[in-house]
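These notes are about the structure you will find just below.
The values are calculated or read from the model by the stated rules, or taken from the named source; none is laboratory data. Not measured: the values here are computed from a predicted model. We place every Cβ from the backbone using ideal geometry, glycine too, and count neighbours over all the protein chains shown. Side chains are part of the model used for accessible areas, which takes the heavy atoms of the whole protein and leaves out ligands, DNA and RNA. Shrake-Rupley method; radii C 1.70, N 1.55, O 1.52, S 1.80 Å.
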Amino acid sequence: MYGSLYDELYRRIDDHPLLARKSLTEEGIAKSKAISTQLKFLQKFLNRENVFLEIGAGSCVLAFEVAKLVKQVYAVDVSQEMTRRARYPQNFALLLFDGCRVPGDARGVNVAYSHQVMEHVHPDDAIEQLRSIYECLLPGGTYICIVPNRLNGPHDISKCFDEVATGFHMKEYTTSELSRLFKSVGFSQVASYTGARGYYVQFPQFALKILESLLSALPYALRTRIGRAVPVRLFLEIRMVGTK
């Protein structure tokens with residue numbers, strides 16, 4: 001169902017931002033703030049001998065850039081429309097999946113990564129997807145998961161008419177909720193990073209959880225007003241790194 005849904009979305013909305021990113025030239029990619037910011041953060045965890053897995057690779061532009069830095073890249077997505085390309089790097093493999101179970105070809109992974117993906121997956125499927133990513137990783141491997149925070153959401157179209165995500169975001173999380181899920185599937189260590197523009201540092205999760213607890217006690221209008229303003233917004237964005 002995920003594949004059919006997103007294929008139809010990209011067919012109907014031919015000026016979707018992700019489709020525009022797919023057609024970026026090398027010069028355009030180099031100037032893209034969205035790509036450069038992700039790469040700056042990812043480089044903390046990558047080396048030439050790594051096998052890299054991106055969940056929800058979309059346009060594959062980021063995965064192509066990572067392919068220049070590692071031994072092998074697996075890009076996994078649900079959409080044929082979005083991922084269809086004429087050429088791929090030699091050390092790159094595209095794998096279509098059902099949105100839950102990562103294909104068996106993606107094994108021996110050192111670093112797995114998803115950016116704004118988990119919130120698009122039904123909660124029942126999200127835990128299965130997380131468990132599947134864990135199984136792909138080598139011992140000591142890491143999964144980097146970036147999602148918006150429920151407490152200053154919704155972050156999809158429903159922000160215009162609802163207090164809870166009810167659009168393409170099936171469920172938005174807090175640091176506390178996501179940390180519990182990571183630990184429930186077996187991750188031995190779970191860390192959070194905060195910062196901006198590609199420059200991020202590890203930040204104590206207990207402090208983020210205290211901030212979330214204080215915000216959650218506030219009325220919705222006040223909570224979102226505070227949560228969407230800098231610098232609170234920067235602390236709320238979830239950048240979680242689980243180590244197997």
Considering every residue within the range 31-52, establish whether at least one is modelled with pLDDT of 95 or more, in a strand (DSSP E or B) and touching a Cys at 6+ places or on another chain (Cβ under 7 Å).
-> no
How many residues does the range 91-112 hold that are open to solvent by 50 Å² or more (accessible area, probe 1.4 Å) and closer than 22 Å to F64 by Cβ?
-> 4
Taking the range 190-228 and keeping residues outside any helix (DSSP H, G or I), over 20 Å from V164 (Cβ atoms) and touching a helix residue (DSSP H, G or I) at 6+ places or on another chain (Cβ under 9 Å) leaves V190, A191, S192, Y193, T194, G195, A196, R197, G198, Y199, Y200, F203
Find all pairs meeting these conditions: Cβ atoms under 8 angstrom apart; at least six residues apart or on different chains; first residue within the range 128-149 and closer than 30 Å to R225 by Cβ; second residue in a strand (DSSP E or B) and among the small types (G, A, S).
-> I144/A112; I144/S114; C145/S114; C145/G242; I146/S114
Go over the candidates L62, L95, L69 one by one and state the one that is in a strand (DSSP E or B) and either free of Cβ contacts under 8 Å to residues at least 40 places away in the same chain or within 24 Å of Y134 (Cβ to Cβ) (or both).
-> L95
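Here's the yes/no breakdown for (1) open to solvent by less than 50 Å² (accessible area, probe 1.4 Å); (2) closer than 21 Å to F52 by Cβ:
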position	(1), (2)
D124	no, no
L138	no, yes
D156	yes, no
T174	yes, no
Any residue at all in the range 113-122 that is open to solvent by less than 10 Å² (accessible area, probe 1.4 Å), over 11 Å from the mean Cα position of the chain (by Cα) and not aliphatic (A, V, I, L, M)?
-> no
Would you say D77 is in contact with a Ser or Thr (Cβ under 6 Å, 6 or more places away or on another chain) and more than 23 Å from K183 (Cβ to Cβ)?
-> yes
Enumeration of residues in the range 176-189 that are open to solvent by less than 40 Å² (accessible area, probe 1.4 Å), over 18 Å from V121 (Cβ atoms) and part of a helix (DSSP H, G or I) = S176
